[in-house]
Structure formats: structure tokens, C-alpha cells
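Here is the structure we will look at.
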Amino acid sequence: RMSRHAQQLRDHDINPCVAETDASRKCMDDNNYNKDMCTAYFLKYKSCRKFWHDIMMQRRRNGVKPEMPSAEERKKMLESVG
């Protein structure tokens, strides 16, 4: 059984970067944990985290709840920016 924290990390409504996390982990597995082989995946993950963190902070400043948009709402936001 997964811990509550682990479950939250797998929850697409809480963690907007599940796909990037999985891709990084798979790259590490596939390349015997040679980090140099996975730099592109790490950068994608990092930019994903930064992007959604900035949105979360903006929503917090504006008093918007929930601070992290749901998975469905995020999908629409991404589609609108192209």
C-alpha cells in the first residue's frame, strides 16, 4: 500500500508533472541510472514544475481556489496557450 504522500504524487489533480516524473524515472531505469543520459527529461520535469508553481503562486495571490488547477482545467489552459 502506498503512503498518502506517494498517492498524492500519483494524483494528476495534485501533481501536474506525473508524466514528466514517469519519463525521468523510466530514462534512469533504461540507462542504468546514468544521469547524463536523461538531462532532457530532467529539464522537461523542471520546467513543468516551474510553470505550474508560478501559476499556483499567481492563483494564491489572486485568492483563487484551489491553488492548483485540476487536471482537466490544466489541460484547457495548456490548449489555450497552444
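The chain holds helices (runs of 4 or more DSSP H) entirely within its bounds, and those carrying 2 or more residues that are under 12 Å from the mean Cα position of the chain (by Cα) and β-branched (Val, Ile, Thr) map to 18-30. Screening segment 28-50 for residues that are open to solvent by less than 100 Å² (accessible area, probe 1.4 Å) and touching a residue at least 12 places away in the same chain (Cβ under 8 Å) and picking the one that is farthest from residue 16 (Cα to Cα) gives 38.
Note on segment 52-77: residues that are under 20 Å from residue 10 (Cβ atoms), surrounded by 11 or more Cβ atoms within 10 Å (Cβ to Cβ) and not hydroxyl-bearing (Ser, Thr, Tyr) total 11.
The values are calculated or read from the model by the stated rules, or taken from the named source; none is laboratory data. Everything numeric in this text was worked out from a predicted model, so none of it was measured. Note that we place each Cβ from the backbone using ideal geometry, even for glycine, and neighbour counts take in every protein chain shown. Surface areas here come from the heavy atoms of the whole protein model, side chains and all, with no ligands, DNA or RNA. Shrake-Rupley method; radii C 1.70, N 1.55, O 1.52, S 1.80 Å.
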